[in-house]
Amino acid sequence: MEHSIALVTGTTSGLGYAAASMLATKGYRQVIVTGRSLARVQETAAQLAAETKAHVFTPLELELDAPTSVESALAELVRIGRKINFLLLNAGWIPGKKRVLTAAGIEASQAPLIGHHQLTVGLLRANLLSPDARIVIAGAEPARGDVPMFSYTDVAAFAAKHHQGDRTAAIEALMRSGPNVKYVPNRAYADAKLIIAWWVAALARRLPSGMAVYAVAPGSAPDTKAVRNLGPAMKWLMIPIVKLIPGMSQTPETAARRYLQASEFGTDVSGQFFASAPKKLTGPIEAMRHPHFHDRANQEAAWQAVVKVSGVGLVLPASLSAVS
Ligand SMILES: NC(=O)c1ccc[n+]([C@@H]2O[C@H](COP(=O)([O-])OP(=O)(O)OC[C@H]3O[C@@H](n4cnc5c(N)ncnc54)[C@H](OP(=O)(O)O)[C@@H]3O)[C@@H](O)[C@H]2O)c1
């Protein structure tokens, strides 16, 4: 561990900040912390160093919604030239009532996956992940369909109705919140995290054999800025009530610890989605068995849709060979 290097996205608040702090405490030699603007993430890195008394934080500008920003971040990582052992793709957000599209026309809660894909593929292409690298991306329990008020889209049915059965086109339409998608914030979020779980399964089949990737739901941790887009009733009434109910919420540190726990999982469980036990939002994590996470057609359609939307496919360098 002493020689390990981690990169954490979305560290300017919440779980990314907590995870970066814990990685330093655990003995990581360098923790590359990212934020949308260099000034802000420099402040974050200084605050982390002051709090942990560890001088291991390297700030990196990364706006996942802007392909040029991801390219610049990759160029900087190539310049640094050190292989990353733990890639923590944490950045994300919970959408609000108003539908927000990025400049590239992607629904904003779906968009971080596109930037995370571009970053991950860029690092693989540049051979900047260590041979035993672990990749963790933030998932969320609403993707299961068993969290009250959250449901996900049945992609096969949506594809049959609007896209002549083409699931890749259907998933692209969901990511773009296209003409046949009725925007419902909770569904957009559940769909975004479900597509992440599928992307993880598809990426696991393409990774070099010693590497592994997992989707990890941090669980309910309302004391972050994730709630920023929620309406006043939700923010000031529902969430304070939820916080009073035992088992319905946990601290950001407890939530972020799940990411670190997964960084030590083996390649045998690569490609899986880890979350609280079914119908729960806190507690120990386990691999999710719900059949919809394991639908291979949807996993591959999600991969193809992400490749199409990002314009970035994965061709490994000759020195690396994929799992399957
Ligand atoms: N907290 C929970 O209860 C909970 C539950 C399940 C899953 N999650 C997931 O956990 C992850 C972290 O959330 P959090 O609770 O820590 O929320 P948070 O406090 O809002 O932190 C999110 C971080 O991600 C960054 N970010 C968001 N979109 C980005 C983009 N397009 N490009 C670059 N950076 C971006 C934010 O930067 P800015 O401040 O600049 O926007 C911030 O640093 C998210 O993926 C979220 O979906 C959280």
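The values are calculated or read from the model by the stated rules, or taken from the named source; none is laboratory data. None of the values given here were measured: they were computed from a predicted structure. Every residue, glycine among them, receives a Cβ derived from its backbone with ideal geometry; neighbour counts consider all protein chains shown. Note: accessible area is taken over every heavy atom of the protein model, side chains too, but ligands, DNA and RNA are not part of it. Shrake-Rupley method; radii C 1.70, N 1.55, O 1.52, S 1.80 Å.
Keeping to the stretch 130-158, report how many residues are touching a residue at least 24 places away in the same chain (Cβ under 8 Å), more than 16 Å from the ligand (Cβ to nearest atom) and of a type outside the set (S, T, N, Q). Count: 6.
Among the residues of the stretch 200-217, is any out of contact with any strand residue (DSSP E or B) (no Cβ under 8 Å at 6 or more places or on another chain), within 15 Å of the ligand (Cβ to nearest atom) and farther than 23 Å from residue 20 by Cα? There is no residue in the stretch 200-217 that is out of contact with any strand residue (DSSP E or B) (no Cβ under 8 Å at 6 or more places or on another chain), within 15 Å of the ligand (Cβ to nearest atom) and farther than 23 Å from residue 20 by Cα. Filtering the stretch 182-197 to residues that are without any contact (Cβ under 8 Å) to a residue 12 or more places away in the chain and hydrophobic (A, V, I, L, M, F, W, C) leaves only 184.
For (1) in a helix (DSSP H, G or I); (2) touching a residue at least 12 places away in the same chain (Cβ under 8 Å), each residue gets a yes or a no:
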| residue | (1), (2) |
| --- | --- |
| 7 | no, yes |
| 10 | no, yes |
| 19 | yes, yes |
| 25 | yes, yes |
| 34 | no, yes |
| 39 | yes, no |
| 44 | yes, yes |
| 51 | yes, yes |
| 60 | no, yes |
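Of 242, 213, 227, 200, all but one fail to be part of a strand (DSSP E or B) and either in contact (Cβ under 8 Å) with a residue 24 or more places away in the chain or surrounded by fewer than 17 Cβ atoms within 10 Å (Cβ to Cβ) (or both); the exception is 213.
A count restricted to the stretch 69-104 and to residues that are outside any loop (DSSP other than H, G, I, E, B) and either touching a strand residue (DSSP E or B) at 6+ places or on another chain (Cβ under 9 Å) or within 13 Å of the ligand (Cβ to nearest atom) (or both) stands at 14. I want to confirm something. Restricting to the stretch 1-46 and keeping residues that are surrounded by 15 or more Cβ atoms within 10 Å (Cβ to Cβ), of a type in the set (S, T, N, Q) and more than 14 Å from residue 252 (Cβ to Cβ), which single residue is farthest from the ligand (Cβ to nearest atom)? Filtering the stretch 1-46 for residues that are surrounded by 15 or more Cβ atoms within 10 Å (Cβ to Cβ), of a type in the set (S, T, N, Q) and more than 14 Å from residue 252 (Cβ to Cβ), the one farthest from the ligand (Cβ to nearest atom) comes out as 4.
For the stretch 283-301, filtering for residues that are assigned to a loop (DSSP other than H, G, I, E, B) and open to solvent by less than 20 Å² (accessible area, probe 1.4 Å) leaves 1.
Would it be correct to say that residue 66 is within 25 Å of residue 125 (Cα to Cα), out of contact with any Cys (no Cβ under 9 Å at 6 or more places or on another chain), open to solvent by 20 Å² or more (accessible area, probe 1.4 Å) and within 13 Å of the ligand (Cβ to nearest atom)? Judged against the criteria, residue 66 is a match. Which condition number does residue 247 fail, the rest of (1) part of a helix (DSSP H, G or I); (2) more than 8 Å from the ligand (Cβ to nearest atom) being met? Every listed condition holds for residue 247 apart from (1). Under the condition of being in contact with a helix residue (DSSP H, G or I) (Cβ under 8 Å, 6 or more places away or on another chain) and either part of a loop (DSSP other than H, G, I, E, B) or exposed (fewer than 14 other Cβ atoms within 10 Å of the Cβ) (or both), the residues counted in the stretch 250-279 number 4.
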